[in-house]
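The values are calculated or read from the model by the stated rules, or taken from the named source; none is laboratory data. The structure presented is a predicted model; accordingly, all values stated were derived computationally and were not measured. Ideal geometry is used to build each Cβ from the backbone, glycine not excepted, and the neighbour counts take in all protein chains shown.
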Amino acid sequence: MGAIVSEENTSTSWLNALEFLLEKGRDVVNLAVLIHKPVEEDQTIRQALDKFIADRRADRSVEPVSTVANTIFPIALYIPRLGPDARKHLYDMSELARPVSRRRNRCGTYFERLVAWPLEGETINQLEKTITRIRRVLERDRRTNNSLELGVSDPRDDESFADAGSVGLAVYRPGRDNRIMGFPCLSHISLSLMDGNLHMTAVYRNHEFIRRAYGNYLGLGRLLSFLARESGCQIGELMCISSHADPEIRRFGYSSLRNLVEECRRSITSAAENLAN
């Protein structure tokens, strides 16, 4: 039942995964998508999807790719030119914006859980703890098989895990986030440092490929880029595993989704021909 899609950038990875799902003609379990360059996009594919979504915005559950990506990493709030103050600015601005995001989703966003994990009357900034720990590993000149482990239910895990093989970021709260559909579909984020490159694996229990998947890939890639930059290492690969992948044929119709894929393919061909000329 499972399958692996491996592509260079976010756009072609999403497109090939969607095409695979349409060939199956149904939902699929255990779909793994490996993106080698997760911060790169093919704008012709992105534009085709953006138009497809814009034409269906009457459905309030259909949101722009940028909106979905920002729930994982609000890219406009991160300003690298601020140098050492860039992270604080990001955290402060996201806190100021939190009441607005809470009006849209009372559970908050994925990014909120990463920087303000609710635990026993306080909040934990998992990203800041992760950056600090990765820097510590790099300072020890350990560029391979060095990392940290954060528990799924308690990000304040013991420092003794500082030499383990992966870093976990918790977004799913056991005992509370038990809805079959809806937020949070992202269950876990794991990070691994290998040869100075920071890699990410994200697990989704349910993944809707038109309304969410592209934006999720984009947001995760930006989050990975942020962590790598702030930790002082290079960005590696993104692996996204969908325990249940839904091509959303019932919502949008098989023909319209096939047309979307064909439009993306035509756009790629046209762009390549224009580049050749």
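For the range 210-227, the candidate set comprises residues that are touching a helix residue (DSSP H, G or I) at 6+ places or on another chain (Cβ under 9 Å) and of a type in the set (A, V, I, L, M, F, W, C); within that set, the residue that is nearest to SER255 (Cα to Cα) is ILE210.
Does VAL33 qualify as being of a type in the set (A, V, I, L, M), at pLDDT 95 or above and either farther than 19 Å from ARG229 by Cα or in contact with a His (Cβ under 7 Å, 6 or more places away or on another chain) (or both)? Yes: the conditions hold for VAL33. If we scan the range 12-20, do we find a residue that is at pLDDT 95 or above, surrounded by 13 or more Cβ atoms within 10 Å (Cβ to Cβ) and more than 14 Å from VAL261 (Cα to Cα)? Checked the range 12-20: no residue is at pLDDT 95 or above, surrounded by 13 or more Cβ atoms within 10 Å (Cβ to Cβ) and more than 14 Å from VAL261 (Cα to Cα). Of the residues PHE73, PHE52, the single one that is touching a Lys or Arg at 6+ places or on another chain (Cβ under 7 Å) and crowded, with 17+ Cβ neighbours inside 10 Å is PHE73. Scanning the range 1-33 for residues that are among the hydrophobic types (A, V, I, L, M, F, W, C), assigned to a strand (DSSP E or B) and farther than 13 Å from TYR214 by Cα yields a count of 7.
Would you say ARG102 is assigned to a helix (DSSP H, G or I), over 18 Å from the mean Cα position of the chain (by Cα) and modelled with pLDDT of 90 or more?
Judged against the criteria, ARG102 is not a match.
For a quick check of your reading of the model, give me the residue pairs whose first member lies in the range 219-237 and is in a helix (DSSP H, G or I), whose second is surrounded by 20 or more Cβ atoms within 10 Å (Cβ to Cβ) and among the small types (Gly, Ala, Ser), with beta-carbon atoms closer than 7 Å and at least 6 apart or on different chains. These pairs meet every condition: GLY219/ALA69; LEU220/ALA202; ARG222/ALA69.
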